[in-house]
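Input: a single structure, listed below in C-alpha cells.
The values are calculated or read from the model by the stated rules, or taken from the named source; none is laboratory data. The structure displayed is predicted, hence computed values, not measured ones. No Cβ is skipped: glycine too gets one built from the backbone with ideal geometry, and neighbour counts run over all protein chains shown.
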Amino acid sequence: MPSNFYHGPSILQSQDAAPTAITPASTPIGLIATAEDADAQFYPLNTPVLLSDRSSMDKAGTNGTLSGALAAIYDQGINPQIVVVRVPSSSDAAEQAAHVAAGTLAMTASQSLFEVTPEILGAPGLDAESVAVTALQNLADRVGGFAYVGAKGSTRAEVVAVRQLYNHRRMMLIWPEFERGENTVQAVAVALGLRSKIDANASIGGRAKTLSNVPLADDFVATVPPLTISQAVDYFGADSDGNYLNAMHVTTLRRENGLRFFGNRTCSNELMWQYESAVRMTDHIAKIIQRHEFAATDGLISQQLLDHRIEMIQFELDTLVRQGWLLKGARVIKHPTKNSVDEIREGATWLYADFTVPPPNEQPGIVLRITHDYLLNVLG
C-alpha cells in the first residue's frame, strides 16, 4: 500500500498552512472514575457507558470517585452527555495510573458504540501520576478533545514543578481543590461540568470563551455546606500566588463575587497554542470541516465539487465570524501548491483555510493620572 494513501478526508493542523477540527451541538464529557460498589451491570469495568441524565447516579455507588464527580457536574444545573469508563480501584499509585491509562483506551470505543465522541476529558482524583496524565493527553489528541488535570502540591513551587513536567496544548492544569464541609470536591470535576455549560451558552462566548472568570452558579456554591476553596490563593500584586501561577500556565480558583476558575492557559510552551480557546476552537472548526469533507469524499472530482466544498466551509467560517468566535477575514480557497496533476490523479484535492481565534482579554489595562487640570471647572 502506498505510504501516503488514506481513504477519506485529511485535515492537517498547522500555523503556517492549513487548519483544524470539532462539531456536536452539546459538548460530551469523557469521565474516567472508580466505584467499587457501583452497579456492575450498569457500569461494567473498562467499558464506555453513555449517561443521558442524573438518574444514573443511583447506580454509581458511594465509594471511589464516580458519584462525587457526577454530582459536581449535574449539580451545576446541566444535563450533558457523559461517557463514563469505570476502572478498577487500587491503593498502589502506579497500578491506579495504569488502570486510568487502560480506561482512556476504552473511551475511544464511544464513537463506534454511541456515535458520541467525548471532548471534555478528565479523571478527577485519579490524575496524580504522569502515566495517567500522559494517557489523558493521548486521548485528547486522538479525539480532538481537551483534558483537565489537577496539579498536586501544597505550595506554588510544588505546583509549578508539576506544570514543568508537561508541554501539551490539549491540557489545562488546575489547582487547588474545592471543599464542601470536610469533603473534597474535585476542581477537575467541577471544571468538566462548567466547560460543557459554557460551551452551550453563546451569550457568554460558548466554545470561544475560556473556562476563566465565569462564576459558578450561586445555588451550586451555596448548597449546605457551601462550596469553599481548599487552600487560600491570593491575587494581590504581580508576585501573588494566583498571578504567579497564572503566568506559569496554571489555572487557579478565585473568590470574587462568587467562586470561579481563574486562568486561560494550556500546558503548551508554543505561543500559538497558549490559550485554551485557541486550541478548542481550532479543533471545533476541524470537526465541522470534517463533516463537510466526509460528505464530499468519493464524489466526482470536478470544478463544481471544489466550488461546493469551498462554499460550504466558507459559510461555516463566516457564521463563526458573525458570532464573534473568529475575527473577520477567515477564508477558504483552493490550496495554492498541493494540487498537482499527480495528487489529483490519486484522488487527492486540497483546500486551504485560515482564521484567527480572538485571544481572551487577559490583561486589560488603564493608566490613572491625578491632575489639577479640572479645578477651575468648579467655577462654571
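Pick from Val160, Val188: which is closer than 25 Å to Asp53 by Cα and in contact (Cβ under 8 Å) with a residue 60 or more places away in the chain? It is Val188. Across region 97-108, not a single residue is classified as surrounded by 24 or more Cβ atoms within 10 Å (Cβ to Cβ), among the small types (Gly, Ala, Ser) and within 26 Å of Leu216 (Cα to Cα). For region 299-322, the criterion of a residue being more than 30 Å from Arg163 (Cβ to Cβ), free of Cβ contacts under 8 Å to residues at least 60 places away in the same chain, aromatic (Phe, Trp, Tyr) and in a helix (DSSP H, G or I) is satisfied by at least one position. Scanning region 328-379 for residues that are hydrophobic (A, V, I, L, M, F, W, C), part of a loop (DSSP other than H, G, I, E, B) and over 19 Å from Gln314 (Cα atoms) yields Ala348, Ile366, Val367, Leu368, Ile370. Pairs meeting the criteria (first residue in region 65-93 and closer than 19 Å to Leu121 by Cβ, second residue basic (Lys, Arg) and buried (at least 24 other Cβ atoms within 10 Å of the Cβ), beta carbons under 7 Å, at least 6 apart or on different chains) are Leu66/Arg86. Here the condition is being closer than 30 Å to Asn201 by Cβ, surrounded by 11 or more Cβ atoms within 10 Å (Cβ to Cβ) and either of a type in the set (Gly, Ala, Ser) or modelled with pLDDT under 95 (or both); of Ala348, Ala295, it holds for Ala295 alone. Can you spot a residue in region 272-290 that is assigned to a helix (DSSP H, G or I), over 15 Å from the mean Cα position of the chain (by Cα) and farther than 22 Å from Pro28 by Cβ? Yes, region 272-290 contains a residue that is assigned to a helix (DSSP H, G or I), over 15 Å from the mean Cα position of the chain (by Cα) and farther than 22 Å from Pro28 by Cβ. In the set Val214, Val221, only one residue is assigned to a loop (DSSP other than H, G, I, E, B) and either under 15 Å from the mean Cα position of the chain (by Cα) or closer than 25 Å to Leu70 by Cα (or both); that residue is Val214. Being without any contact (Cβ under 8 Å) to a residue 24 or more places away in the chain and aromatic (Phe, Trp, Tyr) holds for only one residue in Tyr374, Tyr352, and it is Tyr374.
If the condition is being within 9 Å of Asp127 (Cβ to Cβ) and of a type in the set (D, E, K, R), then region 147-162 contributes only Lys152. Of a type in the set (D, E, K, R), exposed (fewer than 14 other Cβ atoms within 10 Å of the Cβ) and modelled with pLDDT of 95 or more - does that describe any residue in region 45-54? No.
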